[in-house]
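Undergrad: Quick one: this structure, given as structure tokens, is what I'll be asking you about.
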Amino acid sequence: MNVFEKRSVAALASVYAMRMLGLFMILPVFVLLGGDLDGATPALIGLAIGGYGLSQALLQIPFGMLSDRFGRKRMIYIGLILFAVGSMTAAAADSIYGVILGRILQGSGAIASVLMALLSDLTREEQRTKAMATVGVSIGLAFSLSLVVGPLLGDLVGLAGIFYVTAALALVAMFIVHKLVPQPLQPSQSHDSQPVLAMLGQVLRDTRLLRLDFGIFALHLVLTATFLVVPSLLENELGLEAKSHWWFYLTVMVTSFFAMVPFIIIGEKKRRMKLVLSGAVALLIAAVVGLSLVSGRLEWAWLALFFFFMAFNLLEASLPSLISKESPAGSKGTAMGVYSTAQFTGAFLGGSLGGILLGTVGVDGVLALMVAVLCCWLVVALTMAPPSHAASFVVQLRDAALTNIVEVDRLLRSLPGVEDVVVFEGADTAYLKVDRQYFDEGCLAEFSFVQPTMSS
């Protein structure tokens, strides 16, 4: 990446990370601190934890499409203002209902798709995968950091203080967007990086994509439900004071991150992703069952959460990559929009259903929900076809090619390793899905309609 792209990617990744850090910091502490709010019940605490997911799920794709009309940075400012207002609302609330409203307002600033679209505007096609991977790493780091910083802030400034810090992070993010993120000359029309309404039906009918969408739905349902159980388990049953939870999460997250890396390599390099994916889901089931059997021993709880987050980190890193590979050529942006909607829907239901079960059945009810959802996912994972190992590839077309799109499509499909081709009328690019083991981009040189090629 050139200097301009590096600056743009670093700035947008930091904005994404600050926003996610703010959303996640309350996860490890809200069950412990939210009980002091007026009207708090387990069901309402669960709704407060997962409430942001509802507005995120509903507004993710609309925000991306509105940015095409009104501008990327304008929609990002609106989203961050809503996020800050929601944070301040929750911070000032004395009742659980005020916090729920604040969390829903936080989620209504659903700018993830806009940030990705702006990232597309500011990077070249050949650098886009690297840029999006950088954002993905920033999200993972933000989540891990939130589990450490959340308990520390909770001990120092309480629940309201965490929300005030979150509002401050939103303001810092706005400053970064204003000062460090360049204004694109014009919005990119890359179908491979932002949602397109006309492609929504195609994506929703693709059973391979729907299986992966169910996977991220289940993963975030279980993640949110986990934090209805684990903080109380650590404090009430295992005797670990809330102010000490940070080091417990820190050691779990660091070790589990490094433990999952070899399995990512095996899945990608050895083309055993279905086995790795299914194994990770099975490991999640074992870890959740293990949480119900800790029997007052802190080391057993640590081990159960080590395996839980080892599997979680592996799946969180793998599923977006699989969505990208399974998406029809030129539909990656739309597929990722549906994927994000499924993810936040899972977070909402994990909090709301988990809270209801916590209040009516107790911890065992929440764990049973988690196991049931994960068992369904395991069946889906075991019965799916082995994931594709295709990569996206973008071909720049010369003007002459645009008068004979059918012939261009036929010639590109005839190349070894090309699995799918989409050429959009009026566009100057063709989107390919290719198996790089068999595809040689050098063979494009013989075609007069191709400009220098770019991959993503």
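Undergrad: Are any of the pairs Lys130/Lys243; Lys73/Lys243; Lys130/Lys179; Lys6/Lys274; Lys179/Lys325; Lys130/Lys274 more than 29 Å apart by Cα-Cα distance, and if so, which?
TA: Too far apart for the 29 Å limit: Lys130/Lys243; Lys73/Lys243; Lys6/Lys274; Lys179/Lys325.
Undergrad: Highest mean first, how do 88-99, 345-356 rank when packing is the count of other Cβ atoms within 10 Å averaged over residues?
TA: Order by mean packing, descending: 345-356, 88-99.
Undergrad: Something else now. Go through 55-64, 6-15 and give me the packing order, highest mean Cβ count within 10 Å leading.
TA: Listed from highest to lowest mean packing, they are 55-64, 6-15.
Undergrad: Residue farthest toward the positive end of the dipole of the chain, with Cβ of Lys/Arg at +1 and Asp/Glu at -1: which of Phe30, Met253, Ser318?
TA: Result: Ser318.
Undergrad: Consider a paramagnetic label point 7 Å from the Cα of Asn2 along Cα→Cβ; state which residues of the range 89-123 have an amide N under 20 Å from it.
TA: Under 20 Å, as judged by backbone N against the label point of Asn2, lie 118-123 of the range 89-123.
Undergrad: Please get the size of the charge dipole for the chain, origin at its Cα centre, with Cβ charges of +1 on Lys and Arg and -1 on Asp and Glu, quoted in debye to the nearest 20.
TA: 400
Undergrad: Moving to a separate point now. Compute the angle between helix 125-180 and the longest alpha-carbon principal axis of the chain, please, reported from 0 to 90 degrees and rounded to the nearest 10.
TA: 10
Undergrad: Continuing with the same structure: Report the full-extension gain for the segment Lys179 to Arg69: residue separation times 0.36 nm, less the Cα-Cα distance, to one decimal in nm.
TA: 37.4 nm
Undergrad: Compute the label zone of Ser244 within the range 148-167: residues whose backbone N is under 15 Å from the point 7 Å along Cα-to-Cβ.
TA: Once the point is set 7 Å along Cα→Cβ of Ser244, 152 turn out to lie under 15 Å by backbone N, inside the range 148-167.
Undergrad: Given a Förster distance of 41 angstrom, what is the FRET efficiency for Arg410 paired with Thr360, based on the Cβ-Cβ distance and rounded to 0.05?
TA: 0.10
Undergrad: Something else now. How much length is gained if the chain between Asp94 and Glu268 is pulled fully straight, taking 0.36 nm per residue apart and subtracting their Cα-Cα distance, in nm to one decimal?
TA: 57.7 nm
Undergrad: Right, next: Which FRET efficiency value, to the nearest 0.05, do you get for Leu204 and Glu299 by plugging their Cβ-Cβ distance into 1/(1 + (r/R0)^6) with R0 = 30 Å?
TA: 0.10
Undergrad: Can you match Cα Rg over 2.2 N^0.38 Å to one of these, [x] 1.00; [y] 1.12; [z] 1.06, based on a calculation from the structure here?
TA: [x]
Undergrad: Same structure, new question: Mind checking the angle between helix 298-326 and the chain's longest principal axis? C-alpha axes, 0 to 90 degrees, to the nearest 10.
TA: Once rounded, one gets 20 degrees.
Undergrad: Packing-wise, with mean Cβ within 10 Å as the measure, how do 260-266, 271-277 rank, highest first?
TA: 271-277, 260-266
All of the numbers you see were taken from the coordinates with simple rules; none came from a lab. Fair warning: this is a prediction, and the values are worked out from it, not measured in the lab. Please note: Cβ atoms are built from the backbone with ideal geometry, for glycine as well, and neighbour counts cover all protein chains shown.
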